[in-house]
Each structure stands twice: as structure tokens, then as C-alpha cells.
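The values are calculated or read from the model by the stated rules, or taken from the named source; none is laboratory data. As the structure is a prediction and not an experimental result, all values here were calculated from the model. Neighbour counts run over all protein chains shown; Cβ positions are idealised from the backbone, glycine included. Quick note on the areas: whole protein, heavy atoms, side chains included, nothing else; ligands and nucleic acids left out. Shrake-Rupley method; radii C 1.70, N 1.55, O 1.52, S 1.80 Å.
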Number of protein chains: 2
Amino acid sequence: MPIEQPFTFILFGGTGDLAIRKLIPALYNLYVEQSMEVPFSVIGISRKPMTHEQYGAFFIEGIKKYSRNEYEQALYQKMAKSFYYISGDLQKDSTYHHLINILNQTESGQKNRLFYLATAPEFFPIVVENLTRHGILQKGAVSPWHRVVIEKPFGSDLASARILNHRLERLVDDFQMYRIDHYLGKEAVQNFMVLRFANGIFEPLWNNHHIDHIQITVAETVGVGNRGRYYEQAGATKDMLQNHILQLLSLIAMEPSVDFDAQSISTEKVKVLRALRLFEENAVVRGQYEGYRNEKDVSGDSKVETFIAAKLEIHNWRWAGVPVYVRTGKHLKEKKTEVVIQFKKTPYNLYRHTNTDANRLVIAIDPKTGFDLQFNIKEPSRGNVKIKSVKMNFCHECEFGENTPEAYERLLLDAVTGCWVRRQPGKGFIGAGRSSITLQWNKIF
Amino acid sequence: MPIEQPFTFILFGGTGDLAIRKLIPALYNLYVEQSMEVPFSVIGISRKPMTHEQYGAFFIEGIKKYSRNEYEQALYQKMAKSFYYISGDLQKDSTYHHLINILNQTESGQKNRLFYLATAPEFFPIVVENLTRHGILQKGAVSPWHRVVIEKPFGSDLASARILNHRLERLVDDFQMYRIDHYLGKEAVQNFMVLRFANGIFEPLWNNHHIDHIQITVAETVGVGNRGRYYEQAGATKDMLQNHILQLLSLIAMEPSVDFDAQSISTEKVKVLRALRLFEENAVVRGQYEGYRNEKDVSGDSKVETFIAAKLEIHNWRWAGVPVYVRTGKHLKEKKTEVVIQFKKTPYNLYRHTNTDANRLVIAIDPKTGFDLQFNIKEPSRGNVKIKSVKMNFCHECEFGENTPEAYERLLLDAVTGCWVRRQPGKGFIGAGRSSITLQWNKIF
């Protein structure tokens, strides 16, 4: 659905890594591939001193370095109506006065505004408060629309998430707010619901009658690198488990939703998270890789976990009794994100003289994407039946190529088209209402 | 299971096509690959005049031309204790006196005998009657064992099958009789039971709740060739449908058997066949390819069908209401034997704006062997969810190579080892008792 109305893209943290690596290339790709057809203005805001022209050059650099599509000057010029840059402190009124001046110059017709907060989390409420106080962002604005995109983390624990929600809710309506977890914009993650609900053969098996256990693994080979400061606050639990893994878990375990808009999906996901408990007491393992304490910005006696594994259970009719093993960590042997659905053995082994493995569906997410269905067939032989476990395979890259839209393209497009208001499929957003994930996670640990 | 006891292989129709192309190479392969470890004697019987030496040469020719394994003289000499040939009329006593003389010369120790009837069907009872009358074949002989292998067709209709059964049953016990349909010895056909009963994920879907319909196709590109005389008697119905297709159907539709010996399997297959009806009146199409009446040995106004298709139903709890489409024919566009399990659509299409195909499991038998599981995933895109039907695949040849044991090797080995008596898996035999298939088929057409 191409966008028909012009808009202004106001990018807080406009010179950061996320901007140049992800957001700028995503905007360009959306335009080149005609998902966005109207030109737009960009206003970058950051501390760094920079001219408007320099910011335009920064934008082009982002496209050239990180876009899937070749940079083409003619296209670029058609797309980017104008570039502005504001060097300022996000806590000072002058920054917002400056922003108002630029908006007055650039906007004509519908004054649609997308505020993208690619800043440190502590600035989220400060920026939104300032925007509303200066009348730049209006609560409930639908036509013209005003929308706010907030990158995770959304608070650092239950209390802070509640406070943040509370502060933001007074300033903007929920449908204006897009809490982004880009992980959910990944093709492979988006595929989960389609796999489950656009196929008739999986759902009848998708319960505690037929599934023995579930494994969710997000394993990295890298260490914390330069992100020691952040990681000391987060650890594996907040970095991976409470967001990515719990999102995967809720997509795997949710009931079919009434519809596939953000609210319907969120409703079902929240039900899973509310039913989530440790399988038994102390079913958690935390670990730290050797050398972590010598990493940059890491405390010499840090107790932060770089690995966490837990055995969980979803307390509802569908899943009671089925262990869900989750694990994630850094500096592990292999880079791999996958979900394993381990089915139960056959109720009776007709081929008593031979061992048969139970069936298993492996959903590979990263680095490879695809499905493996492990099943048993007869090994060619004479005499006694021999059974061999083999795999049916579907390789996503083989079918669709590697060059598929990136997560941020989807998320930006959804924000710009207002998927929430239009009741389009909500993709990659944690969802409406309270930050239910943080809430629930606290019950577990 | 290697055979420990010597035996004599008495081959009626010993110079025919089946002997040279299939049986002789199969015996050699079994020996070379050490499934049979004892040497054996061969006595060929046919009308054609031939010396013992010539028959030995005929045997070697079969190995050289048609065996999977290279002919090696040393091995061959170790395997083949002795070769004899009898040129004679199967209706005359002299032939059987001759056979007794040779047996007296060649047999020592355990006098195990495998009588293989690779003759025209009308000779089956004649040969067995003569063998018993002359005391060469004894009813109930277990040690030493006497066994009779009969190639299909087993009668040409209900009445003749009953008569044949009746005549044979008075002469030999059922456990001595191996009614061979080599089609059932095919690896891909043998795989059906393993697929269904060594995997937990298929059986819960394998019923009228989840399956929309079943298709069984045996399509050939060739015409009748030189087999016009036979085909005029048989037609597509007797040539393919009542044997191969009904066997496939019963393997697909049967309940899990108590055990996997011949009797247990036969019991379940017969239940399927007894429950088989036309789905509705006149749900049969017969056809004849253009030019059939000009084929060799075919009547100029032949009404014999070279194509038949039918819509069937299995009247039991598992399958009621599920159409089973069967079809077979000659001179068709493509050579293909396959079974399609077409699952039902999802009970509700969450993705209302898009069409989703129902899931489908394709079991390929010939010329390729393997499985395709057709399912839906999300097509990489932004904006609205697009759904694409893709395939998980398992290719049998890719996993195991092309050089797997042939049907006749399995069948011969089972006959020689006495799978029936030992309660080993019965492979490729129509089963014990009445020729239930013929019985049932008559109810349908």
C-alpha cells in the first residue's frame, strides 16, 4: 500500500548508528521499490554540529554504504524533498523552537509527522513531553497524523516500564505510539503466524497431546564488544530473553487470533505471557563467559550473565506439561537462532526391533532460514525393516533469494502507513497497552 | 538374515523373460551381497530344448545383462552348486519323473525345495497337482521345507480365483504358498507402512477430519506393445487397478496392524478392501487410447479399457466421506506413480485477503521416489501479508542412491527364509487366506 500523503520524518538521534545503518537505507529502499511513493522531508536532530548540507551528505553515505539498492542520484533527488538538521540539546526549549521554525518552512498541505526516537531510552519521555508542550506533537492527531516510534528497551524493569508507560500515555494516545522491536520485523519471525495459521496440518499437532517439548535457542559467537556499558545493565536476560525469545515463544504458543491486526495478536500473545511460569523451582541456569570481566566498560567483578537458560511451562490447556526450553548467550560455539518443535514418539512402536526417533520440526531463523521436518522412513534393505531418520527441507533463501526486505523497512512502512489505525497487520510492535512482557517476566525471575 | 540351509530352486518357466530379467539377477544379487550364504541348486523347467550346460550359460547371461552387480566367475561358481534343465510338458508325468531323478542326484541333507511358478496362470494348479501327486511337494512340509511361489494374476475374476484357491488349498497349506505381486516389493511401496506407523505426526492427521481427499495415480506413457493378447483379457482394471492400486490404497488407508507379520497386515488390508465402495453410482470412467485397436493381437473392435478412473469411498469411521480418486492408464502424457494426500483447508482463513492452498503430501513412487510436503509460508514482502505455497522435499535417490535392492530380491529372500512361518514381515505377498482383493473388487464394478 503506497503512501499517498507527504510527511516529515523527524529523527531524534539522527546521526547515530541506527540512523545511518538501518533507517536511512530502509527509507531509500522503500522509495526505490515503490512501497512509498511520495517525497518526504527529513529533519535530523542530534548533539553533533552539522549543517543541513552535511546532513544530506550523511544520508547519501548511508544509502551508498548500507542499502540493498544501488544509490541513484535521480531517484534520490525525487525522493528527498528537503533535508534539515538541528544540532541541539533534547532537554532545551531552543531545540524545539528550532524544530517549529523548520516545520513551518517545509510543511505544506497535510502536516503529517513521524517522530522517530533513536535515542538513549532515558530521553523517550523527555522528548515526547517537550514535543507535546511545544504543540509539535498532538495527542490523538489522526489527520494530519502524528506518530511516535520508540526503540526498545522500553524501561529497564517492571517499575520503570510502568512509569514510562504512565508518562507517555498522558501525552499521546496508544494508537500513535509504535514501540519497536526490530526483531519482530524479521521475515522468519513474521513467518511464524503464517506457518501456524495458514496451514491445516500443523495446528492439530500443536499441543500437549503431540508435542513433547519446545526449544528456543538464540546463540551468538560474538562477545559484548564495545557494548559493555549497556550489557552490564542488561545481561542476557534483558538483552535477548525477555524481548526476542519471549516474542518467539508467544508467537509459537499463542491461540489463533481473532484477526491479524496488532490488537488481536497482542491479546493472544499477552495470554501466553501471563500463563508463563518456570517449569519447576530453580529451573534457570545463568552463566558468564570467560574473559567477560576483562571486556571494555565491564566491571572486574561483574556478576552479569552472558548466558541464560530456563525450563518454562505455559499454564493453559494447550500447553500444560510441555517443557519450553529457552537459552541464549554470547561467545558460544555456533551462531544460531532456531526453534525446535519436538514431537512425541509414536504411541506404540510397531517396529520393536529397531529404535525410531520422534519427529521434529526445526524452524531455522538465523543465519539460515527455513524448515526441516525430521521423519522416519524405511532404509532400503532386504530382510528385517530398518528405519532411518531423514529430513524434508525447505530453504527460504533457495526459494526467495537472500535479498529480501529488511526488518526496518517493514517497521517504517507500518509506522508511516499507520497500520495501527488502519487495523493492518501489526508487525514488529510489542503491541498496545501496558508493557505486558516486562510485567510478566518479573513474575518468573 | 542369511540362510543357513541349502535348498533347491525349481523354476517352472525357467527360460522365460521373468527368469532371465528378474529372478536370476535377483538370486545372484542376494548371494553377492550376502543375504544368502548357502550355495543352491537350480532346476529349470520349460518347453524349450536346452542342455544342462546351456541352461548354466543362460543363467550367466541373465547375470551379465540384468544384474546390479558385476558378474564374477569365482563368486558365481561358489554360489551355483549345480544347474539342471528339464525340457518337458507340464501336463505330462514324464516331466515330473525327470524332476524326481534330478532331485535324487542333487539333494543331500535337508531337502528344502522352492517351487517358483513363472508360468502362464492356467498352469498353476496343474503344476501343483502334479508335484503333490508325485510326492515332490508335500502338504505342510516345514522341515525340510517345501514352498510354492505363484506370480499374479491369481485367477481372472471372482469365480476363477475361488476355484484356484480351492484347488491349491487342498494341495498345500496356506503358509507354504507365496502369492507374489512384485509391486509390493518395491522400496517405495514398502515405505508406506513405515511412513505411517514409525512417525507420530502423520497418524493424527490421517483421517476424515483432516484429509479432504486421496488421489492414487499410475500413469504410463507406453502402450500395450507386444502384450496385446494378455491385455485384451485384462484391461487397465485387472492389469493395474485391482492389484497395484488397491494394494497402495489398502496400505494408505489401513489401521495400524497388531504386528507386522504377513497375517496381521493382511487382516488390516482386507478390512479396508471390504469397506471399499464406489463413492456414488457410476463414478467410474473407462477409456481407450487412440490406435489401441491397431495394436498387435488386439481385436479391431475391442472394447477393452486402457484407462480407468474411479471415485471410491472407504466405509468406515476413519474414512467415511473422503473421496479416494484412483486412475491408471497407458499412453498418457507422463509416466508417474504417486499418491497425493490432500489435506483440508484451515478451518478459518485468518488471511482473508489472500487465497491459501490447502496442504498436500505427495508420495512419489515412480519414476522418482520421495516426499513433497506442500505448505504455506509468508512471501517476503512489506505491507500486506502475501502467502505462497512452497514445498518441503525429501528425495529418496538423493539420500540412498539409485542402486537399491530390487523388488524381486526382497520377495525371493522372504520366500527362501520363510517369512510366513517365521512371522517375519511379509513383503509383497497378497497375504494369506482367500484372494480377498478379487472378492471385493467384484462388489465395486
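How many of the residues making up segment B:367-412 are under 16 Å from A:Arg382 (Cα atoms), open to solvent by less than 30 Å² (accessible area, probe 1.4 Å), at the interface with another protein chain (Cβ under 7 Å from one of its Cβ atoms) and at pLDDT 80 or above?
So the count comes out to 1.
Quick check: anything in segment B:81-96 polar (S, T, N, Q) and touching a helix residue (DSSP H, G or I) at 6+ places or on another chain (Cβ under 7 Å)?
Within segment B:81-96, one or more residues are polar (S, T, N, Q) and touching a helix residue (DSSP H, G or I) at 6+ places or on another chain (Cβ under 7 Å).
Output the residues belonging to segment B:17-63 that are loosely packed, with under 14 Cβ neighbours inside 10 Å and hydrophobic (A, V, I, L, M, F, W, C).
B:Ala57
Do you know which residues across segment A:197-213 are in a strand (DSSP E or B) and closer than 26 Å to B:Tyr351 by Cα?
A:Ile211
Return the residues of segment B:335-360 that are closer than 30 Å to B:Glu220 by Cβ and either within 8 Å of chain A (Cβ to nearest Cβ) or outside any strand (DSSP E or B) (or both); say none if nothing qualifies.
Scanning segment B:335-360 gives B:Lys335, B:Phe343, B:Asp357, B:Ala358, B:Asn359.
Considering only residues that are part of a loop (DSSP other than H, G, I, E, B) and of a type in the set (A, V, I, L, M), which ones fall in segment A:103-157?
Filtering segment A:103-157 down to residues part of a loop (DSSP other than H, G, I, E, B) leaves A:107-111, A:118-120, A:134-141, A:143-144, A:152-157.
Those that are part of a loop (DSSP other than H, G, I, E, B) and of a type in the set (A, V, I, L, M): A:Ala118, A:Ala120, A:Ile136, A:Leu137, A:Ala141.
If you check every pair at least six apart or on different chains, which have Cβ atoms under 7 Å apart with a residue in segment A:158-181 that is closer than 20 Å to A:Val416 by Cβ first and a residue that is among the aromatic types (Phe, Trp, Tyr) and open to solvent by 30 Å² or more (accessible area, probe 1.4 Å) second?
A:Phe175/A:Trp420
Yes or no: segment B:211-223 includes at least one residue that is in contact (Cβ under 8 Å) with a residue 12 or more places away in the chain, open to solvent by 20 Å² or more (accessible area, probe 1.4 Å), within 14 Å of chain A (Cβ to nearest Cβ) and touching a strand residue (DSSP E or B) at 6+ places or on another chain (Cβ under 7 Å).
So far as segment B:211-223 goes, yes, one or more of its residues are in contact (Cβ under 8 Å) with a residue 12 or more places away in the chain, open to solvent by 20 Å² or more (accessible area, probe 1.4 Å), within 14 Å of chain A (Cβ to nearest Cβ) and touching a strand residue (DSSP E or B) at 6+ places or on another chain (Cβ under 7 Å).
Could you please find all residues in segment B:143-173 being open to solvent by 60 Å² or more (accessible area, probe 1.4 Å) and touching a Pro at 6+ places or on another chain (Cβ under 6 Å)?
B:Arg167
Failed condition for A:Thr267, given (1) out of contact with any Pro (no Cβ under 9 Å at 6 or more places or on another chain); (2) in contact (Cβ under 8 Å) with a residue 12 or more places away in the chain; (3) of a type in the set (Val, Ile, Thr); (4) surrounded by 15 or more Cβ atoms within 10 Å (Cβ to Cβ), with all others met?
(2)
Quick test of your reading of the structure: A:Ile252 fulfils all but one of (1) farther than 22 Å from B:Lys345 by Cα; (2) modelled with pLDDT of 90 or more; (3) not small (Gly, Ala, Ser). Name the failing condition by number.
It is condition (1) that A:Ile252 fails.
Scan segment A:123-133 and give yes if some residue there is under 28 Å from A:Gln247 (Cα atoms), in contact with a Pro (Cβ under 8 Å, 6 or more places away or on another chain) and either within 14 Å of chain B (Cβ to nearest Cβ) or open to solvent by 10 Å² or more (accessible area, probe 1.4 Å) (or both), otherwise no.
Scanning segment A:123-133 turns up no residue that is under 28 Å from A:Gln247 (Cα atoms), in contact with a Pro (Cβ under 8 Å, 6 or more places away or on another chain) and either within 14 Å of chain B (Cβ to nearest Cβ) or open to solvent by 10 Å² or more (accessible area, probe 1.4 Å) (or both).
Which one of the conditions (1) surrounded by fewer than 19 Cβ atoms within 10 Å (Cβ to Cβ); (2) at positive phi does B:Gly13 fail to meet, given that it meets all the rest?
(1) is the only condition that B:Gly13 fails.
For segment B:321-344, indicate whether the set of residues that are crowded, with 17+ Cβ neighbours inside 10 Å and without any contact (Cβ under 8 Å) to a residue 60 or more places away in the chain is non-empty.
No, segment B:321-344 has no match at all.
Given the conditions (1) within 28 Å of A:His209 (Cβ to Cβ); (2) open to solvent by less than 70 Å² (accessible area, probe 1.4 Å); (3) hydrophobic (A, V, I, L, M, F, W, C), report the number of the one that A:Phe307 does not fulfil.
(1)
Let's see how each residue does on (1) in contact (Cβ under 8 Å) with a residue 12 or more places away in the chain; (2) open to solvent by less than 20 Å² (accessible area, probe 1.4 Å); (3) under 27 Å from A:His210 (Cα atoms):
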position	(1), (2), (3)
A:Met254	yes, yes, yes
A:Arg277	yes, no, yes
A:Val284	yes, no, yes
A:Tyr292	yes, yes, no
A:Lys296	yes, no, no
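I need the full set of residues from segment B:186-205 which are at the interface with chain A (Cβ under 7 Å from one of its Cβ atoms) and closer than 22 Å to A:Val362 by Cβ, in order please. Steps first, please.
Pass one, segment B:186-205, residues at the interface with chain A (Cβ under 7 Å from one of its Cβ atoms): B:187, B:190-191, B:194-195, B:197-201, B:204-205.
Scanning segment B:186-205 gives B:Val194, B:Leu195, B:Ala198, B:Asn199, B:Gly200, B:Ile201, B:Pro204, B:Leu205.
What are the residues in segment A:348-364 that are more than 18 Å from A:Trp206 (Cβ to Cβ) and out of contact with any Pro (no Cβ under 8 Å at 6 or more places or on another chain), if any? If you could, list the steps in order and put the result at the bottom.
At the first step, the residues of segment A:348-364 found to be more than 18 Å from A:Trp206 (Cβ to Cβ) are A:348-357, A:364.
Listed by number, the residues that qualify are A:Asn349, A:Tyr351, A:Arg352, A:His353, A:Thr354, A:Asn355, A:Thr356, A:Asp357, A:Ala364.
Hey, B:Gln242 hits all of (1) touching a strand residue (DSSP E or B) at 6+ places or on another chain (Cβ under 9 Å); (2) open to solvent by 10 Å² or more (accessible area, probe 1.4 Å); (3) under 20 Å from B:Val339 (Cβ atoms) but one; which does it fall short on?
With respect to (1) touching a strand residue (DSSP E or B) at 6+ places or on another chain (Cβ under 9 Å); (2) open to solvent by 10 Å² or more (accessible area, probe 1.4 Å); (3) under 20 Å from B:Val339 (Cβ atoms), B:Gln242 is out only on (1).
Name the one entry in B:Asn208, B:Asn226 that is touching a residue at least 40 places away in the same chain (Cβ under 8 Å), open to solvent by 10 Å² or more (accessible area, probe 1.4 Å) and within 14 Å of chain A (Cβ to nearest Cβ).
B:Asn208
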